[in-house]
1. Please pick out the residue among V94, V63, V98 that is at pLDDT below 95 and surrounded by 13 or more Cβ atoms within 10 Å (Cβ to Cβ).
2. Can you tell me which of S23, S9 is closer than 21 Å to V97 by Cα and modelled with pLDDT of 95 or more?
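The values are calculated or read from the model by the stated rules, or taken from the named source; none is laboratory data. Remember, predicted model here, so these are calculated numbers, not experimental data. Cβ: placed from backbone, ideal geometry, glycine included. Neighbour counts: every protein chain shown.
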Amino acid sequence: MSWIILILSGVLEAVWATALSKSEGFTRPWPTAIFAVALLASMGGLAYALRSLPVGTAYAIWVGIGAALTVTYAMITGAEPASLLRIALILGIVACVVGLKLTH
């Protein structure tokens, strides 16, 4: 169960990071509200997962999922440029996250 919560928390990290950028310095109410809710849920899920998972592995996986999804969303929406090299590097992050899970 901890792994599922950790993965969902990593997804929520991407949600709050994206909402933070769209909040324009907390001046837009809806993105700010989404940021706050997703941040609390993401941190709460990470805290729950850390009850039974080692902190180094769990944190690296949480950050890796969040970073990979955040940059992927930004490339899909056109906020950041996409290139084969960037996609390969994101896949490298995903491979490392999977590797950490498999070696646990």
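1. One residue alone meets the criteria, V94.
2. Only one candidate qualifies: S9.
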